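Report on one structure; see the data block that follows.
The values are calculated or read from the model by the stated rules, or taken from the named source; none is laboratory data. Just so it is clear, the structure is predicted and the values come from calculations on it, not from any experiment. As a convention, Cβ positions derive from the backbone with ideal geometry for all residues, glycine included, and neighbour counts pool all protein chains shown. For accessibility, only protein heavy atoms count, side chains too; no ligands or nucleic acids. Shrake-Rupley method; radii C 1.70, N 1.55, O 1.52, S 1.80 Å.
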Amino acid sequence: MEPHLKKIPTHLIKGTSKGKPAQVKALSEIMQKTGKNLHPVIIIEVKENEYQVIAHDLIWQAAKAAKLDFTWCLIISSSEKNQILMELGEKTSIIDPGITDLDSLSVAQLKELAKSQGIKGYSKLKRAELLQLLS
């Protein structure tokens, strides 16, 4: 999936409340005047009509505080999520928390995992080699 910019109903987006109240208030006042967020929130689609903030959580908080009906968002894929989090210096959750071991992953999933970790040369490896590399 290519990242794409889209207006998403603000109430469909979930995030965390990390921003300082003064920052949220200042940004929300600007958004109330303009009627929109000028900087997109980076999100992933968790399931149909449910989105999770990946970056720019402060913008999302301000959009909520400003009671914007829609928030401009950049929707990205899960593999892009890991790259963005790494670039922001945050920990990534590459493996689904429900997966207890790598043996339950398909070869395609193991290759995607290797790719998301920045491992070179993974595409030609066999399953056993991928498991050894990722363990």
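Observations on the model:
- Of (i) 58, 44, 27; (ii) 57, 27, 25; (iii) 61, 25, 24, the label for Cα extents along the principal axes in Å derived from the coordinates: (ii)
- Gaussian network model of the chain, Cα within-10 Å springs - most flexible of 25, 64, 120: 120
- Compared with the dominant principal axis of the Cα atoms in the chain, helix 107-116 is inclined by about 50°.
- Solvent-accessible area, 1.4 Å probe, carbon plus sulfur percent, for the chain: 54 percent
- Helix 78-87 axis versus longest C-alpha principal axis of the chain: approximately 80°, rounded to the nearest ten.
- When the GluC sites (Glu not before Pro) in region 1-80 are filtered for DSSP coil states and for at most 15 other beta-carbon atoms within 10 Å of their beta-carbon, the remaining sites are 48.
- Residue 16 - accessible surface, heavy atoms, 1.4 Å probe, Å² rounded to 10: 60 Å²
- Accessible area per residue in Å² at 1.4 Å probe, computed on region 21-84: 55 Å²
- In order through region 43-54: 3J(HN,Hα) via Karplus (6.51 cos²θ - 1.76 cosθ + 1.60), integer Hz, x for Gly, Pro: 9, 10, 8, 6, 7, 4, 6, 9, 10, 10, 5, 9
- Cross-link table 36/111; 36/120; 36/81; 67/115; 36/115; 18/111, entries beyond 32 Å C-alpha to C-alpha: 36/111; 36/120; 67/115; 36/115; 18/111
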